[in-house]
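A short reminder: the numbers here are calculations on the coordinates, not readings from a lab. Because the structure is predicted, anything quoted here is derived from the model rather than measured. Backbone-built Cβ (ideal geometry, glycine too); neighbour counts: all protein chains shown.
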């Protein structure tokens, strides 16, 4: 019996490698699409200035500072830090000024020419149009892009978890296929040697 006649065939090893490659591709693809979807869901405004955004639901919203961005046909590239920028948020229907506070956690993203990090947050009591007023205290500052969104952190964590699960699953499956192939081929080789010994002994 020739080595290429041993079952299972060597192509099973190639299959395990293919599974591993597909797992890494799925990991990268899921991670990229998840981050891209999260970033595209952010609403952008420029500061300093006034803007109105229609928030679709209540809850905590995070304000991100995008030091590299593209908005309204213009490319923005500003410093890593912005000093003295004050942001006020008001519920248009009631005139209620909302408390704006530092973001509870630091999140950052970089994708497709956009990079930003969380700086502030506020709690929207209800959905509807909200007014954003931003200005520099003291000296004038550069025109920058702010992005506002809800649940981005949770979405990113979910995307990362799914991506890692896909990667680990592919590694496990590839290992199972490789081990199965190795063990079965080893048994087949040993059986062939035993058969050869019996034939020599019988002769």
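Cut-off 13 Å, label point 7 angstrom out along Cα-to-Cβ of residue 75: give me the residues of region 86-116 whose amide nitrogen falls inside. Correct set: 113-114. Structure remark: mean-square fluctuation, Gaussian network model of the chain, C-alpha springs under 10 Å; the largest value among 33, 183, 77 belongs to 183. Compute the long axis of helix 11-40 from its Cα atoms, compare it with the longest principal axis of the Cα atoms of the chain, and write down the angle in degrees, 0 to 90, nearest 10. Rounded to the nearest ten degrees, it is 10. Counting only alpha carbon atoms, the long axis of helix 152-202 and the longest principal axis of the chain meet at about 10°. Structure remark: mean-square fluctuation, Gaussian network model of the chain, C-alpha springs under 10 Å; the largest value among 35, 82, 164 belongs to 82. Extending 7 Å from Cα along the Cβ direction at residue 51 and again at residue 131 yields two label points whose distance is 1.7 nm. Most mobile of 94, 62, 159 per a Gaussian network model of the chain (Cα springs, under 10 Å)? Highest fluctuation of the listed residues: 94.
Orientation-averaged projection of the chain equals 16.4 nm² [convex hull of Cα atoms, one quarter of hull surface area].
Between region 71-137 and region 166-180, the C-alpha centres lie 44 angstrom from each other. With helices as the sole contributors, the chain gives -15000 deg cm²/dmol at 222 nm; each DSSP H run of n ≥ 4 counts as -39500 (n - 2.57), and the sum is divided by every residue.
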